[in-house]
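First comes the structure, then the notes that go with it.
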Amino acid sequence: MKRWLLIWSLLIAVLAACEHGNYEDGDSQYSWLRADFVVVRSNADKALYQAVNDEGDTIHFASPLSTSWALTPDTTYRALLYYQKKDQRVEVINVKHIPVVHFALVDTIGSDPLTFQSAWMSNNQRYLNIAFMVKTGKVNGEVIPQRMGVVCDSITESEDGENTLFLRLTHAQNQAPQYYSSQGYISIPAYPLPKGTHIVLRVNDYRGMIEKKFRVNP
């Protein structure tokens, strides 16, 4: 397997959940709300104008949207898109950036525990998505940044030539206080991997080591 693996670390992107305080029946303000994992595109002015969800549907925004994190023109980002679609018109409610993390061969971050929520392969088989929660808090009014990454501990090859990647989610608490939990997501690119590649994902959870298994384009 080519050693294209790229060493990455990142600050945790804490994604606030889209909340609606009071549930309403019928055609309320949020009756048409959807939340999709997408690849979103920026225009020449760095504004987001179009997205493609993991089912392959193209979503055209009613108007371009500028954000604090989309700072490069004519490029794509991984994101969680909250929107309403009515009469072929798409109104964006919120769009949250999701870090895309390439796995490394060397662990430079560490294995502090976190709370594992779920992991799943996207419908188009392009990303392995991980949902988690970290314990955090403020010191002197500032949130202490934490670091996350993914390391490949080993690669094995079966007699029929299929590879198995043993991946581990890495996390550095960085002495951040643990007053409350915040949710986050990361996406690991699976599209460069050969068809049939097996992935074993390990996560150091507060409850112990959790292991999940996946296969790319089975």
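The values are calculated or read from the model by the stated rules, or taken from the named source; none is laboratory data. Just so we're clear, the structure is a prediction, and the values are computed from it rather than from any experiment. Here Cβ is always computed from backbone atoms with ideal geometry, including for glycine, and neighbour counts include all displayed protein chains.
One table, with the values for the structure above:
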quantity: Output for region 47-81, where each listed residue is of a type in the set (Gly, Ala, Ser), under 19 Å from the mean Cα position of the chain (by Cα) and assigned to a strand (DSSP E or B); calculated: 51, 79
quantity: Test for residue 118: is it hydroxyl-bearing (Ser, Thr, Tyr), loosely packed, with under 14 Cβ neighbours inside 10 Å and part of a strand (DSSP E or B); calculated: yes
quantity: Candidates 57, 45, filtered to the one that is acidic (Asp, Glu), surrounded by fewer than 15 Cβ atoms within 10 Å (Cβ to Cβ) and closer than 28 Å to residue 193 by Cα; calculated: 57
quantity: In region 108-125, the residues that are touching a Phe, Trp or Tyr at 6+ places or on another chain (Cβ under 7 Å), under 13 Å from residue 204 (Cα atoms) and not hydroxyl-bearing (Ser, Thr, Tyr); calculated: 113, 114, 116, 117
quantity: Cβ-Cβ under 9 Å pairs, at least 6 apart or on other chains, region 65-79 side at positive phi, far side modelled with pLDDT of 95 or more; calculated: 74/41; 74/42; 74/43; 74/44; 74/46
quantity: Pick from region 82-114, criterion of a type outside the set (A, V, I, L, M, F, W, C) and within 15 Å of the chain's Cα centre (by Cα), ranking: surrounded by the fewest Cβ atoms within 10 Å (Cβ to Cβ); calculated: 102
quantity: Residue count, region 34-46 (criterion: out of contact with any Ser or Thr (no Cβ under 8 Å at 6 or more places or on another chain) and part of a strand (DSSP E or B)); calculated: 4
